[in-house]
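The values are calculated or read from the model by the stated rules, or taken from the named source; none is laboratory data. Just so it is clear, the structure is predicted and the values come from calculations on it, not from any experiment. As a convention, Cβ positions derive from the backbone with ideal geometry for all residues, glycine included, and neighbour counts pool all protein chains shown.
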Amino acid sequence: MVREIDDSTRIVESEVGASMLREYVTVHDSTVGDDCGIYERTSVKKCHVGDSVEINAGCYVENAEIGDEVQVGPNCSVVGVTHDLGEDGMELRNDVFERIVLHEGAFVGAGAVIAPGVEIGPNAVVAAGAVVTTDIDERHVVVGSPPTQDVTHLREWL
């Protein structure tokens, strides 16, 4: 793939390989590998993005390690930032970073939310709209949101 970066893209203190960044993409403090597609109105911040990764339109991705050949559907939130909760509630402007890891070949469906500190195993599938708050093992499918979430091995799913 030839490096193709739209004029509206903003890249700040980041390295981008031979990849395609579409309209209004923002990349801050990150590295993006080769053969990636990052689509319209997506923000990538404090991340390492491997090779052959697709991050679809409207995503917000922060503080994540994304392996090779990962696909992230449109309108996903992959945010490895939270705040401490105390007796007085959440602490304003006191970010706590808990890195998210999407291992090689993981697939995250449209509109999914991956919570801080979660690790998605190699070739695992996060269904569209799922909210993931715990680690998902290799080759598992996660559907729904807690407390009625279903996690199944791919061989049982197919």
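For region 74-108, which positions are outside any strand (DSSP E or B) and not basic (Lys, Arg)?
The first filter runs over region 74-108 and keeps only residues outside any strand (DSSP E or B), leaving 74-76, 80, 87-88, 98-99, 103-106.
Passing the criteria: Pro74, Asn75, Cys76, Gly80, Glu87, Asp88, Glu98, His103, Glu104, Gly105, Ala106.
Results for (1) out of contact with any Asp or Glu (no Cβ under 6 Å at 6 or more places or on another chain); (2) closer than 20 Å to Val125 by Cα; (3) surrounded by fewer than 21 Cβ atoms within 10 Å (Cβ to Cβ); (4) among the hydroxyl-bearing types (Ser, Thr, Tyr), shown as yes or no for each residue.
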residue: Val2; (1), (2), (3), (4): yes, no, yes, no
residue: Asp6; (1), (2), (3), (4): no, no, yes, no
residue: Glu23; (1), (2), (3), (4): no, no, yes, no
residue: Val49; (1), (2), (3), (4): yes, yes, no, no
residue: Ala57; (1), (2), (3), (4): no, yes, yes, no
residue: Gln71; (1), (2), (3), (4): no, yes, yes, no
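Examine region 134-143 for a residue that is outside any loop (DSSP other than H, G, I, E, B) and either modelled with pLDDT under 95 or touching a His at 6+ places or on another chain (Cβ under 9 Å) (or both), and state whether such a residue exists. Step through it out loud before you land on a result.
To start, the set of residues in region 134-143 that are outside any loop (DSSP other than H, G, I, E, B) comprises 136, 140-143.
With the extra rule that they be either modelled with pLDDT under 95 or touching a His at 6+ places or on another chain (Cβ under 9 Å) (or both), the set shrinks to 140-141.
Checked against the condition, which is being outside any loop (DSSP other than H, G, I, E, B) and either modelled with pLDDT under 95 or touching a His at 6+ places or on another chain (Cβ under 9 Å) (or both), region 134-143 yields at least one hit.
Looking at region 89-101, is at least one residue touching a residue at least 24 places away in the same chain (Cβ under 8 Å) and among the β-branched types (Val, Ile, Thr)?
First, pick out the residues of region 89-101 that are touching a residue at least 24 places away in the same chain (Cβ under 8 Å): 97-101.
Filter once more, keeping what is among the β-branched types (Val, Ile, Thr): 100-101.
So far as region 89-101 goes, yes, one or more of its residues are touching a residue at least 24 places away in the same chain (Cβ under 8 Å) and among the β-branched types (Val, Ile, Thr).
So which residues in region 10-57 are within 17 Å of Gln71 (Cα to Cα), in a loop (DSSP other than H, G, I, E, B) and either touching a residue at least 40 places away in the same chain (Cβ under 8 Å) or not charged (D, E, K, R) (or both)?
Ser19, Val25, Gly33, Cys36, Tyr39, Thr42, Cys47, Gly50, Ser52, Val53, Asn56, Ala57
Taking region 1-17, which residues are of a type in the set (Gly, Ala, Ser) and within 20 Å of the chain's Cα centre (by Cα)?
Of the residues in region 1-17, the ones of a type in the set (Gly, Ala, Ser) are 8, 14, 17.
If the condition is that a residue be of a type in the set (Gly, Ala, Ser) and within 20 Å of the chain's Cα centre (by Cα), then Ser14, Gly17 are the ones that fit.
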